[in-house]
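Everything below concerns the one structure shown next.
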Amino acid sequence: MRVLGIETSCDETGIAIYDGERGLLADAVYSQTAIHAQYGGVVPELASRDHIRKTLPLIRQVLDHAELTATQIDGVAFTAGPGLIGALLVGAALGRSLAWSWNVPAIGVHHMEGHLLAPLLETPAPNFPFVALLVSGGHTQLIDVQAIGRYRLLGESVDDAAGEAFDKTAKILGLPYPGGPELAKLAERGDATRFRFPRPMTDRPGLNFSFSGLKTFALNTLQQELPSAIDAEQTRADIARAFEDAVVDTLVIKCRRALRETGHRRLILAGGVSANQRLRERMNAAISAERGEVFYPRPLFCTDNGAMIAFAGWHRLTAGQYESLQFTPRARWQLMDLPPV
Ligand code: KG4
Ligand code: ZN
């Protein structure tokens with residue numbers, strides 16, 4: 001079965017084709033960064049309008065790249081939530097309509113299930129069961145994954161998601177949107193020994209996270225240090241480094257704890273923050289020291305993309321799951337509510 005995947009939940013238009021026998025045939029991502037950068041964050045209405053402009057040309061582009069015609073597509077997968085409702089509606093309406101006109105089944109995919117399954121597109125792919133750390137702009141969740149659709153929430157952020165904390169702290173440091181990768185770049189020049197930020201909620205049992213205090217810590221440190229700073233740029237870099245170290249350490253501590261509590265030895269990381277180089281290095285070192293294994297998507301598939309939606313959709317469509325002509329995009333949608341495959 002050959003599935004067209006459509007991702008439009010936020011500020012990236014992602015289109016891909018996944019073939020059950022041949023794997024990923026084509027993949028294209030268009031990022032709206034330039035549109036939203038001047039506003040310092042995503043403007044939902046502009047996101048929806050741009051998805052309308054980009055979806056069809058990108059679908060033509062991936063079909064051409066894969067040397068396929070529309071008649072050779074056997075199913076359509078579109079992101080049905082969670083995300084910005086207007087942006088979701090664009091991909092869902094288009095995906096459902098295309099499936100109807102091509103007379104093939106359609107499936108609404110959970111965006112976070114897409115992220116969660118993205119490491120399975122790589123070689124070697126992890127076997128089930130495993131612990132998943134989903135770290136994106138909207139979610140920070142630890143999940144016990146027994147199989148596709150068999151998810152148990154182990155812990156999550158009680159306030160800001162890790163990516164959101166990166167973005168807000170980047171803004172405080174005067175960095176352009178999207179802040180996560182910019183902050184990581186600045187942190188490379190930072191001195192790790194100058195400031196020490198707390199590792200929130202690691203001193204008590206449990207697997208929940210809290211990241212909102214770290215941005216306040218960054219703001220207070222900046223306000224305290226800047227007036228007397230000889231090199232303001234270096235101070236910013238040192239704060240970026242202290243912030244990144246705090247987030248990375250916290251995620252590592254909780255992942256080790258989750259592996260111990262579940263008894264699993266495989267860990268997967270997914271979502272935009274899993275592209276972070278320092279996080280990958282520290283996680284690899286910590287988990288391999290305990291004879292565990294860590295899996296990631298390639299950096300391009302850590303952030304939003306169509307490949308993960310085509311892939312997740314393929315799993316559910318081949319299991320006989322599909323949508324009726326009615327489709328319901330959901331701004332909010334719990335991963336744990338998904339049916340097993
Ligand atoms: O998964 P994603 O593309 O979209 C959501 O589903 O939210 O994640 C985007 C988030 C943003 O907060 C972005 O700043 C963060 O991932 N991010 C990073 C890096 N690359 C993306 N954060 C830290 N370091 C990075 N290299
Ligand atoms: Zn995402």
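Miscellaneous remarks
- The stretch 306-341-the stretch 124-140 distance, computed between alpha-carbon centres (Å): 17 Å
- Per the Debye calculation on the stretch 278-341 with a single equal scatterer at every Cα and no solvent contribution, log₁₀ I(q)/I(0) for q = 0.13 Å⁻¹ amounts to -0.61.
- Calculated log₁₀ intensity ratio I(q)/I(0) where the Debye formula runs over C-alpha points of the stretch 167-223, q = 0.28 Å⁻¹: -1.22
- If you sort 244, 45, 323 by accessible surface, 1.4 Å probe, largest first, the order is 45, 323, 244.
- Overall dimensions of the stretch 96-145 as given by Cα atoms, namely Rg and Dmax in Å: 14.6, 39
- Long-range tail of P(r) for the stretch 60-109 (Cα pairs > 16 Å, %): 44 percent
- Computed about its Cα centre, the charge dipole of the stretch 104-200 is approximately 240 debye, with only Lys, Arg, Asp and Glu carrying charge at their Cβ.
- Here the chain is treated with +1 on each Lys and Arg Cβ and -1 on each Asp and Glu Cβ, and its dipole about the Cα centre works out to around 540 debye.
- About its Cα centre, the dipole of the stretch 35-102 is roughly 180 debye, where the only charges are +1 on Lys and Arg Cβ and -1 on Asp and Glu Cβ.
- Per-residue surface analysis assigns residue 167 an accessible area of about 60 Å², computed on protein heavy atoms at 1.4 Å probe radius.
- Listed residues 149, 193, 210: farthest to the positive end of the dipole of the stretch 145-250 (Cβ charges): 149
- Under 18 Å from the residue 72 label point (7 Å along Cα→beta-carbon), backbone N, the stretch 18-49: 18-28
- At 1.002 mPa s and 20 °C, Stokes diffusion of the stretch 76-226 via Kirkwood alpha-carbon radius, µm² per second: 118 µm²/s
- In this structure, residue 278 and residue 127 have a Cβ-Cβ separation that, at R0 = 25 Å, corresponds to a calculated FRET efficiency of about 0.35.
- 17 Å cut-off, amide nitrogen to a point 7 angstrom out along residue 38 Cα→Cβ, residues in the stretch 164-182: 176-178
- Peptide packing: for 94-101, 202-209, 140-147, 280-287, the average count of neighbouring Cβ atoms within 10 Å per residue gives the ranking 140-147, 94-101, 280-287, 202-209, highest mean first.
- D by Stokes-Einstein for the stretch 232-341, Kirkwood Rh over Cα pairs, 37 °C, 0.692 mPa s: 194 µm²/s.
- Beta bridges assigned by DSSP with both partners in the chain are antiparallel in approximately 60 percent of cases.
- Dimensionless Rg/Rh of the chain - Kirkwood Rh, Rg from C-alpha atoms: 0.99
- Anisotropy class of the stretch 64-141 from Cα gyration tensor, a/c 1.5 cut: oblate
The values are calculated or read from the model by the stated rules, or taken from the named source; none is laboratory data. The model shown is predicted, which means the values in this text are computed figures rather than measured ones. Counting neighbours? That spans all protein chains shown, and the Cβs are built from the backbone with ideal geometry, glycine included. Side chains included, ligands, DNA and RNA excluded: accessible areas come from the protein's heavy atoms. Shrake-Rupley method; radii C 1.70, N 1.55, O 1.52, S 1.80 Å.
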